[in-house]
Amino acid sequence: MIADLTYFRDDAEDGEAVLGRRGRRAPSIDTLALFALEEAIPAADRRRIARATSFALVIEVPSAEWVEPVRSACTTLGNWGATNFARTGASRTEDRADRGNDIVARRLAEGGRVLGVSQACDRYLPSALVGAADGRYRIAVPSNGVVARVIRAATGQRPPAMPPSIAAGLGIWDLCAAIRAGSARACVERLAAAAEARSTVDGQVADAVPFPSLRGYGPSHAWGMRLLEELEAWREGRIGSFAAIDRNVVLASNPGLGKSTYVRSLAKSARLPLLVSSVSSWFSQSNGYLDGVVKHIDLTFEEAYSRAPSLLFLDEIDSIPSRSSMDGRNSAWWTPVVTHMLLKIDECCAREGAGVCIIGATNHPENLDAALVRPGRLGPVIRISPPAAPELAAIVRQHLGADLPDLDLSVVAELGLGATGAQVVGWVKEARARARAAKRPLEADDLLDAVAPPDTRTAGEKMRSALHEAAHAVGAEVLGIAHVEQVDLILRETAAGGTSMRTRLGPLPTRDDLERMVTGLLCGRAAETVFLGEASAGSGGDATSDLARATAFVAGIHGSFGLGGGIAYRGPMESVARSLAGEPALRAAVEADLARLLGDAERLVAEYQDVVQAVAEALLERRVLGGDALRRLIAEARPGRARQPGDGR
C-alpha cells in the first residue's frame, strides 16, 4: 500500500520531490510507482480524474511486476472501490478480455468509477473497460527525472549526475532495492551496477569481443554497425522514436559461422541486455501444451519489454515451421503458435516505447514462414558466408590474442580456407592443449598441425583425392559456374579435401545454368573414373555431398523451377529430392539427367586431363593451391587427347 505522501510536492523549478514540513523520508517502494504515475498523467488530468464521479481509467505498465504497485498508487487519484482490475495474465481463467465486462458495464452505467492496470491492456483487461476508457495512459520505464525524485525522497539529498536512461533494463524491484536511505551517490552507484549486471543476462556477453572488431561477417556486420549508430543517435535525441530504428533481422548461415557470437558482441557494444529464447525453451520451460507454449511466448516478450531497451535473440527460429509446409494435423497445432508469434512481433514493432530489437538466427532460411520474414517483421534475412582468407586470418588472431605474435597467419588462413569461426576456436583450443601436454609455450607447429593435421593416407588415396578436387576446380573455372578461391587436400572431419569458390549462378538461372552447376559437382567423381577406372564413395555420403547437391539441383529443375517436363511446383528443391523414393517417374527423370550430366563431366575431364593432372600434382606437392595459381595453370595448358574411361588404370 502506498504510504501517506501528502507531505511531498513537486518542486516547480526542478521537478524533484522535496521534503515537507515533517522532514520525513519515504522508502522507494512507496514512491517509485507513484512518481512514475505522476509523470505519465499530466497534473491537469490527475485533478480531473480525482474530481470525476464517474470515470473509466486504463493504465498500461512496463511489465507484470509493475501492475500491483501502480494499482495501489492509483488510490491517490480517488476511490475506485472494489471495481478495479489489476491483471498480469497469471490466471488463465480470470485474466481474459471477456471476463468482467458485465461488472464494468454495471458500474459505469450506475455512474461509478472503474480502474484497469495491466502490462497488456488489450489482452487481459475487460474489453468493455478498454473500449469505454475516459483516459488511457502508459507508464514507461522510469526516466532519470523520476529516479531523481525517488532518490531525493529516500535520502533527502539531490543525486549526482546520472548516466542516460539509468533505469533502462531494470525492473521495479531492482530499482527499489538499489534506492535506499543513506547516500544519494551510493544509490546512483548501485543503480549503475545493477544495470550493468542485468545487461549481461546471457553470461557470455561480458567476455564478448567488441562488435566493431568482429571479422568475417560481411553485410551482416554493416547492418550491425548501422544499428549501433542509430541506437547512439536515439540515446542522444537525434532520433526521436525507437520505432524509427531498423532493428529487426534474421541471420542465416551454415552451422558454426558465429551467429551467437555476433549477437553477444552486438549486445555488448550496444549496451543492451540480451535475452536468449528458442522454440525448445518454450516447450522445456512450460507445460508443453499449446496454452503453455503461447503463454511462454508472452512471457518472453514481456521480459524483453521490462528490460527495454533490450535485444531479444530468437535462436534456431526455423523451428517455428512454415505454415505452407505443414500437413493437417501439424497445421492444427502449429498455426495458432505461428500466428501468435506474428502478432507478438507486430505488437513489439508497433508498441510505443517497446524498445526491443529482435534478431533471429537460422541454419535453414528456406524453411521460414514467409510472413515471419517480411519487411516490418523480421526481414531482411542476411546471409553470413564463410570468411575469406584475410578475414579468417583476423579471426585466428582474435582467438590467439597475444600468442604467436610473429606467425604469418595468412599461411594458416590458406590452409584453413572455408573454415568457420567455430572451427577456429577448435584449432586454437587444440593447439594450446598440445602445448600444455608438452609442458611448453604454444608454438607455430601446434597451430598448423591443428589446422592441417599430418596426412596419413596412402599414396593412392592422396592421388584419388587430388584428382577429385583438381577436377572440381578446373570444371568450375572452365564451365564458368564459379570463381575458385582455393583448392586443397586438407583432411577434415567430413571431407578428404576441399574446393573453395564463389558461385557465379545468378538470381534467375536457366536450365543450362543449373545443369552446368551439376556438371561441375560431378567432375570430381568423373575424374576418378577417367583417371583411375572407377569412382569411390567420396562423392556421396551425406546431405552436403556432391551427389546430394547434384540430385537436389536436378530435382529442382523438375519440381521447383518449372524447367523440366512440367511446371507444377512440388516444393523447395531439397524437399523434392527427398520425395524421389516415393515418385518413380520423377526419380527416373532425375536419374536420366544425372547420368547424362555425368557423361558431360567425364568428357570435360578427359578433354582437360593435362590441366587436371597438373593441378593434382601441385596439390600433392603443396597441399594448397590458390585460385590465381589454378587459373594460370589452366591458361598455360592445352587440352590433351581425349582419354577414354578406364585409361591409365
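The table below lists the values:
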{"read-out": "Qualifying helices (runs of 4 or more DSSP H) (wholly inside the stretch 409-463; at least 1 residues being on the phi > 0 side of the Ramachandran plot, in contact with a helix residue (DSSP H, G or I) (Cβ under 7 Å, 6 or more places away or on another chain) and small (Gly, Ala, Ser))", "value": "none"}
{"read-out": "Among (1) farther than 21 Å from residue 562 by Cβ; (2) in a helix (DSSP H, G or I) - the single one residue 499 does not satisfy", "value": "(2)"}
{"read-out": "Residue satisfying all of: in the stretch 28-55; touching a Cys at 6+ places or on another chain (Cβ under 8 Å) and of a type outside the set (Gly, Ala, Ser); nearest to residue 159 (Cα to Cα) among these", "value": "32"}
{"read-out": "Residues (touching a helix residue (DSSP H, G or I) at 6+ places or on another chain (Cβ under 6 Å) and either at pLDDT 90 or above or outside the structural domain of residue 314 (by TED's automatic domain parsing) (or both)) located in the stretch 259-273", "value": "265, 266, 269, 270"}
{"read-out": "Members of the stretch 548-573 found to be crowded, with 20+ Cβ neighbours inside 10 Å and part of a helix (DSSP H, G or I), listed by number", "value": "550, 551, 552, 553, 554, 555, 556, 557, 558, 559, 573"}
{"read-out": "Lone unmet requirement of (1) touching a residue at least 60 places away in the same chain (Cβ under 8 Å); (2) surrounded by fewer than 17 Cβ atoms within 10 Å (Cβ to Cβ) for residue 391", "value": "(2)"}
{"read-out": "Residue that is hydrophobic (A, V, I, L, M, F, W, C), outside the structural domain of residue 119 (by TED's automatic domain parsing) and closer than 22 Å to residue 122 by Cα, where the choices are 424, 396, 356", "value": "356"}
{"read-out": "Close pairs from the stretch 527-544: first assigned by TED's automatic domain parsing to the domain that holds residue 469, partner part of a loop (DSSP other than H, G, I, E, B) and modelled with pLDDT of 90 or more, Cβ under 8 Å, at least 6 apart", "value": "528/534; 528/535; 528/536; 529/535; 539/545"}
{"read-out": "Close pairs from the stretch 209-234: first assigned to a helix (DSSP H, G or I), partner small (Gly, Ala, Ser), Cβ under 6 Å, at least 6 apart", "value": "211/224; 211/265; 211/269; 228/269; 228/270; 231/270"}
{"read-out": "Among the residues listed as 158, 136, the single one being among the basic types (Lys, Arg), within 26 Å of residue 355 (Cα to Cα) and modelled with pLDDT of 90 or more", "value": "136"}
{"read-out": "Output for the stretch 548-573, where each listed residue is in contact (Cβ under 8 Å) with a residue 24 or more places away in the chain and hydrophobic (A, V, I, L, M, F, W, C)", "value": "548, 550, 552, 553, 554, 555, 557, 561, 563"}
{"read-out": "Of all residues in the stretch 286-307 being outside any helix (DSSP H, G or I) and either touching a Pro at 6+ places or on another chain (Cβ under 6 Å) or not aromatic (Phe, Trp, Tyr) (or both), the one that is nearest to residue 347 (Cα to Cα)", "value": "307"}
{"read-out": "Candidates 466, 435, 431, 470 - the one that is over 35 Å from the mean Cα position of the chain (by Cα), modelled with pLDDT of 90 or more and not assigned by TED's automatic domain parsing to the domain that holds residue 511", "value": "435"}
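Residue-wise test of (1) hydrophobic (A, V, I, L, M, F, W, C); (2) surrounded by fewer than 16 Cβ atoms within 10 Å (Cβ to Cβ); (3) touching a strand residue (DSSP E or B) at 6+ places or on another chain (Cβ under 7 Å).
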| residue | (1), (2), (3) |
| --- | --- |
| 332 | yes, yes, no |
| 339 | no, yes, no |
| 362 | no, no, yes |
| 374 | no, yes, no |
| 396 | yes, no, no |
| 402 | yes, yes, no |
| 405 | no, yes, no |
| 421 | no, no, no |
| 427 | yes, no, no |
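The values are calculated or read from the model by the stated rules, or taken from the named source; none is laboratory data. Not measured: the values here are computed from a predicted model. For neighbour counting, all protein chains shown are included, and Cβ atoms are generated from backbone atoms with ideal geometry for every residue, glycine included.
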